Number of protein chains: 2
Amino acid sequence: MTDTIGFIGLGIMGRPMALNLIKAGYRLAVHARREASLQPLLEVGAEPCSSPAEVARRAPILFTMVSDTPDVEQVILGEQGVIEGVQTDAVVVDMSTISPSATRAMAERLHAAGAEMLDAPVSGGDIGAAAGSLSIMVGGPTAAFERVRPLFQVMGENIVHVGDHGAGQVCKACNQVLVAQTIAGVSEAMLLAKASGVDPAKVREALLGGFANSRILEVHGRRMLEDDYAPGFTARLHQKDMRIVLEAAHELGLALPGAAQAAQWLNALLGQGLGDLDSAAIHRMQARLHGQDGD
Amino acid sequence: MTDTIGFIGLGIMGRPMALNLIKAGYRLAVHARREASLQPLLEVGAEPCSSPAEVARRAPILFTMVSDTPDVEQVILGEQGVIEGVQTDAVVVDMSTISPSATRAMAERLHAAGAEMLDAPVSGGDIGAAAGSLSIMVGGPTAAFERVRPLFQVMGENIVHVGDHGAGQVCKACNQVLVAQTIAGVSEAMLLAKASGVDPAKVREALLGGFANSRILEVHGRRMLEDDYAPGFTARLHQKDMRIVLEAAHELGLALPGAAQAAQWLNALLGQGLGDLDSAAIHRMQARLHGQDGD
């Protein structure tokens with residue numbers, strides 16, 4: 001445990017993940033664009049770096065956790081990016097949720113520089129990040145995965161090596177496809193109950209006991225009943241992820257009509273200035289459309 | 001336990017349900033349109049009746065379990081129907097999946113004849129019917145529900161009194177809305193994985209460990225991976241149920257775009273002569289569209 005671990009991106013997700021690594025006894029070299037994000041890590045002994053390249057020079061294994069495809073490209077390939085300092089045989093682990101095809105392109109660039117990349121997006125939100133209970137979906141070579149596995153085990157609980165480069169991102173995209181449609185399904189069920197004069201809470205209770213049972217009916221169904229959309233996982237981030245899904249579908253020539261339709265409700269939420277609500281607020285849009293939101 | 005219980009409709013669902021009542025020690029008066037359906041019940045001591053009216057004359061509590069709205073209307077209101085023989089204070093329990101509004105209309109007619117109606121559609125399929133583990137969603141007056149509850153407990157495990165007349169049917173409609181969309185979501189996730197060159201089995205495994213977890217991902221996801229669509233619950237019946245959902249949406253002035261879209265895949269399945277497959281075969285239609293079904 002003598003090697004320094006790198007961590008770039010210390011926002012709502014990255015910060016608790018990095019803190020868990022420190023709690024587990026690892027020495028961290030960290031970088032973040034904003035000074036405010038850095039501070040809580042420095043207080044517990046992490047060493048600040050002025051650039052992603054400097055992190056890469058100091059750490060044979062480093063993590064990136066930023067917002068979107070261009071952010072990861074900037075951190076890895078940009079000026080003073082990881083690629084300018086990366087060690088031979090280093091492993092660069094991107095835990096952001098971004099494009100699978102952009103991931104494969106970056107993995108090639110890093111491979112040409114003598115390093116390996118893993119894509120390892122997560123689900124579980126900031127609560128799972130703080131609890132160290134994230135689901136982690138990993139793409140990339142097996143040897144690199146095995147080297148990083150002990151670190152994944154500090155940050156998460158369900159760690160699956162899905163396949164080669166990009167497979168983690170594809171798996172996350174599949175997750176978002178299914179989550180978005182299940183939310184829309186729960187929402188329509190609640191809507192139909194209420195419009196029919198039937199108590200949606202009773203309907204949820206009955207459905208939880210049967211084949212329609214899901215975590216989403218349980219957790220998001222409750223959010224819809226209570227009209228309480230404190231995130232959780234924001235509509236803004238879910239919308240971003242669905243853009244990645246639909247871009248992938250476009251590239252692949254794949255019809256995903258259910259995903260495309262669910263994404264429209266997220267668009268409407270963002271258009272109404274409600275992007276910071278939990279994405280279960282799809283139900284608020286469907287309810288508003290039918291005048292069910294006034295009571 | 002001296003009263004005779006009536007049971008009308010002894011098909012793939014009704015037969016095992018009626019058999020469970022006999023096993024529990026109840027005396028049954030039964031009617032079915034087809035002699036072949038009647039035979040297994042007569043062998044274990046059920047008493048045959050020549051018409052629904054005759055069942056109603058003999059049984060203060062009687063069940064109907066037939067296919068669709070017109071079938072229930074025929075059994076209850078038609079010539080030699082239940083209403084012609086129904087006892088004062090009888091409870092007529094319709095366990096078919098039919099229109100909520102037609103249910104309310106029949107409940108009114110029975111009420112005018114001095115009897116009560118419960119709507120009590122089920123989920124769990126013929127396997128749940130045989131095992132006595134059905135989910136039963138009940139609408140109607142509380143007193144009638146309490147009288148019938150011991151009989152429900154013989155046939156099912158999750159028994160929820162959802163609300164007044166029609167509420168059971170509304171709840172079942174909500175169930176089918178959610179199940180159809182979740183199937184479509186699982187299918188699109190599998191499709192995206194495969195088109196991206198990623199093993200859908202690994203994706204399912206990863207997703208089962210996270211927030212996207214559901215019974216449908218577990219059970220129907222496996223069906224999709226194995227391309228094995230032995231029912232379960234047939235596409236034909238799910239299509240019928242979605243027609244009921246969309247008719248209710250039409251009556252209510254309710255937009256259910258996700259349910260409407262999922263129903264289209266069921267239409268395609270029926271159009272391809274595949275109505276006897278499990279409704280998870282929505283995935284076969286989506287795969288066929290993308291040439292993924294040839295391998």
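The values are calculated or read from the model by the stated rules, or taken from the named source; none is laboratory data. As the structure is a computational prediction, the values presented were derived from the model and not from experiment. Note that each Cβ is placed from the backbone with ideal geometry, even for glycine, and that neighbours are counted across all protein chains shown. Surface areas here come from the heavy atoms of the whole protein model, side chains and all, with no ligands, DNA or RNA. Shrake-Rupley method; radii C 1.70, N 1.55, O 1.52, S 1.80 Å.
Overview of values
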read-out: Under 21 Å, Cα to Cα: Lys pairs in the protein assembly as shown, sequence gap 8 or more or different chains; value: 8
read-out: Computed [θ] at 222 nm, deg cm²/dmol, chain A (DSSP H ≥ 4; -39,500 (n - 2.57); rounded to nearest 500); value: -17000 deg cm²/dmol
read-out: More than 49 Å apart - percent of Cα-Cα pairs taken over the protein assembly as shown; value: 22
read-out: Karplus (6.51, -1.76, 1.60) ³J(HN,Hα), θ = phi - 60°, over the range B:11-25, in Hz, Gly and Pro reported as x; value: x, 4, 9, x, 4, x, 5, 5, 4, 5, 5, 5, 4, 7, x
read-out: Backbone N within the range A:121-154 under 15 Å of label point (7 Å from A:His111 Cα along the Cβ vector); value: A:139-145
read-out: Where a label projected 7 Å from the Cα of A:Ser50 along Cα→Cβ would reach, residues of the range A:64-92 with amide N under 14 Å; value: A:80-81
read-out: Near-label residues of the range A:265-292 by backbone N, under 16 Å of a point 7 Å along Cα→Cβ of A:Arg34; value: A:276
read-out: Position A:Asp228, label points 7 Å along Cα→Cβ, spacing to each other copy in nm (shortest first, one decimal); value: 4.4
read-out: Relative contact order of the range A:1-154, defined on C-alpha pairs under 8 angstrom at six or more residues apart (%); value: 21
read-out: Derived scalar couplings ³J(HN,Hα) [the range A:56-63; Karplus, 6.51 cos²θ - 1.76 cosθ + 1.60; whole Hz; x for Gly, Pro]; value: 5, 5, 9, 10, x, 10, 9, 10
read-out: Per residue, the convex hull volume that the Cα atoms of chain B enclose (Å³); value: 138
read-out: Nearest 10 degrees, 0 to 90: helix A:215-226 Cα axis against chain A principal axis; value: 60
read-out: Per residue, in Å², the accessible surface of the range B:13-112 once ligands and nucleic acids are set aside, probe 1.4 Å; value: 42
read-out: Rounded to 5, the percent of DSSP beta bridges in the protein assembly as shown classed as antiparallel; value: 15
read-out: Anisotropy class of the range A:143-206 from Cα gyration tensor, a/c 1.5 cut; value: prolate
read-out: Part-to-part distance (alpha-carbon centres) for the range B:139-171 and the range A:11-56, which is given in Å; value: 57
read-out: Nearest beta-carbon to the B/A symmetry axis - residue in chain B, distance in Å; value: B:Ser214, 2
read-out: Cα pair distances exceeding 20 angstrom across the range B:170-289, given as percent; value: 40
read-out: Approximate spin-label separation B:Lys23-B:Arg149, in nm, with each point projected 7 Å along Cα-to-Cβ; value: 2.4
read-out: Calculated from backbone phi, Karplus (6.51, -1.76, 1.60) coupling profile of the range A:147-153 in Hz, x at Gly/Pro; value: 5, 8, 3, x, 6, 4, 5
read-out: Cβ-vector label at 7 Å, A:Glu43, separations to other copies in nm; value: 7.5
read-out: Heavy-atom accessible area order for A:Arg33, B:Arg288, largest first, 1.4 Å probe; value: A:Arg33, B:Arg288
read-out: Pairwise centroid distance, computed over Cα atoms, of the range A:226-295 with the range B:73-96, Å; value: 46
read-out: Extension gain from A:Ala131 to A:His250, taking 0.36 nm per residue of separation minus the Cα-Cα distance; value: 39.2 nm
read-out: Cα pair count fraction exceeding 28 Å, expressed as % - the range B:4-164; value: 9
read-out: Interchain or long-range residues, amide H under 5 Å from B:Ile61's placed H; value: B:Gly6, B:Val91
read-out: Nearest-first distances (nm) between copies at A:Glu79, label 7 Å from Cα via Cβ; value: 9.0
read-out: Cα-based convex hull volume of the range B:1-63 per residue, rounded to whole Å³; value: 67
